[in-house]
1. Specify whether the C-alpha gyration tensor of the stretch 52-155 places it in the rounded, prolate or oblate class, a ≥ b ≥ c being the square roots of the eigenvalues: rounded for a/c under 1.5, otherwise prolate if a/b is larger than b/c and oblate if not.
2. Can you give the Kirkwood hydrodynamic radius for the chain, in Å, rounded to one decimal and based on Cα pairs?
3. For the chain, set up a GNM with springs between Cα atoms under 10 Å and report which of Phe261, Phe309, Phe59 has the largest fluctuation.
4. Go ahead and run the numbers for FRET between Lys147 and Arg323, Cβ-Cβ distance against an R0 of 56 Å, rounding to 0.05.
5. Check Ile199: other-chain or 5+ apart residues with amide H under 5 Å from its amide H, H built from backbone geometry?
6. So, by mean Cβ neighbours within 10 angstrom, what's the order for 272-284, 175-187 with the highest one leading?
7. Scan around Gln267 for amide H atoms under 5 Å from its own, H built in the peptide plane at 1.01 Å from N, and keep only partners 5 or more places away or cross-chain.
8. Most fluctuating residue of Glu72, Glu300, Glu311 in a GNM of the chain with Cα springs under 10 Å: which is it?
Amino acid sequence: MKAIFFEKYGKPEEVLALKEVAMPVPQENEVLIKIDFTAVNDYDWSFVTGKPLVYRLMFGLVKPKNPIAGMELAGTVQLIGSKVSKLKVGDTVFGDISEFGFGTFAEYISIREDAVIIKPEKLSFEKAAAIPHASTLALQALRTIGKIKQNQKVLINGGGGGVGTIGLQLAKLSNCHVTGVDSGEKLTMMKSLGYDEVIDYKKTDFTKTNERYDLILDCKSNKSPFLYLRALNPTGIYVTIGGSLSTLISIFFWGKILSLFTKKSLQILSLKPNEGLDEISQLVIDNKITPKIDGPYPLEDTARLIQYFGEGRHTGKLVIKVRA
Ligand SMILES: NC(=O)c1ccc[n+]([C@@H]2O[C@H](COP(=O)([O-])OP(=O)(O)OC[C@H]3O[C@@H](n4cnc5c(N)ncnc54)[C@H](OP(=O)(O)O)[C@@H]3O)[C@@H](O)[C@H]2O)c1
């Protein structure tokens, strides 16, 4: 089968190559999936570049433990292991497989059956590959942790990326007034997507304006927790899904202490992969939300796409069509 293979960490275009490799054989609790579409995520950039270095504890200290990146897929079950009980050959499936490993930048993958869920017939493979990771991050941040309510004033930092573009649509289902923070050309796209206000983070620091928010979803935390606190209304909730490690540690530490003195709240989301994905799929099928797709691009372009992602030039989700 064809796969985007790498044996050492480095710049995507220098270390990734399209190769012919052996087909994976499913273990007793695994299924072999023919992949139709996959998508690029933050993890892929970190996995391929080996940065930040702390990620190497998970990915392999000196070189990658797994030579194929990619963690989202939509495809069809081709073979099942002897102990597989929920899936059968021919089932169409999709999901964020990151809890169980990587390897979706390839024509086939063998993975635990609980890494994926059944894809509804009315959901296209392309959209199915675009939603698992980003949309569940957005849903769990806004609803599970952020307890979003009707007509709130919401801000999404990193609003033009995969999570932000879905987060906006989820917030709009609750009739919220939504401000998106990002940069450059993405701001125009964000306005057309439905953001009520947009802020260019390269020109304006949203924590230093006079605006206060009921709920902040942050995809790129990199400031002092006290600045985030300042940007909240008296009972506001700030939820971060990612950012610099030192900022996340600081938010974790100060969030606990500050909760003793204020009704404002600083929270960190720990993603539960695929939780809420059924609900999101139904919203997509009903045209209540639409993933913003950049692509689809061919598998051969994967190295370029991961570089493009790392440079923050994509808008929404970068989707790869594995088969021509
Ligand atoms: N909590 C968990 O369990 C968990 C699990 C997996 C992943 N994650 C995190 O989830 C996030 C993924 O979000 P995503 O898929 O939406 O990423 P994305 O598609 O890369 O979007 C992030 C957006 O933020 C913008 N941005 C960069 N720096 C910024 C800044 N300082 N202020 C405001 N915006 C900024 C980027 O644009 P430019 O760079 O062009 O400016 C980009 O448009 C990552 O932070 C990842 O670490 C969390």
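Just so you know, all these numbers are worked out from the coordinates, no wet-lab data involved. Owing to the predicted nature of the structure, the values given are computational and were not obtained by experimental measurement. Neighbour counts run over all protein chains shown; Cβ positions are idealised from the backbone, glycine included.
1. Values: a/c = 2.29, a/b = 1.21, b/c = 1.89.
Cα axes put the stretch 52-155 in the oblate bin.
2. Values: mean 1/r = 0.0495 Å⁻¹.
Kirkwood radius, the chain: 20.2 Å.
3. The residue that fluctuates most here is Phe261.
4. Working: r = 42 Å, r/R0 = 0.74.
The formula returns an efficiency of 0.85 here.
5. Those qualifying (amide H under 5 Å, at least 5 residues apart or on another chain) are Gly180, Val181, Asp182.
6. My ranking of the peptides, most packed first, is 175-187, 272-284.
7. Long-range HN contacts for Gln267: Tyr238, Val239, Thr240.
8. Comparing Glu72, Glu300, Glu311 in a Gaussian network model of the chain, the most mobile one is Glu311.
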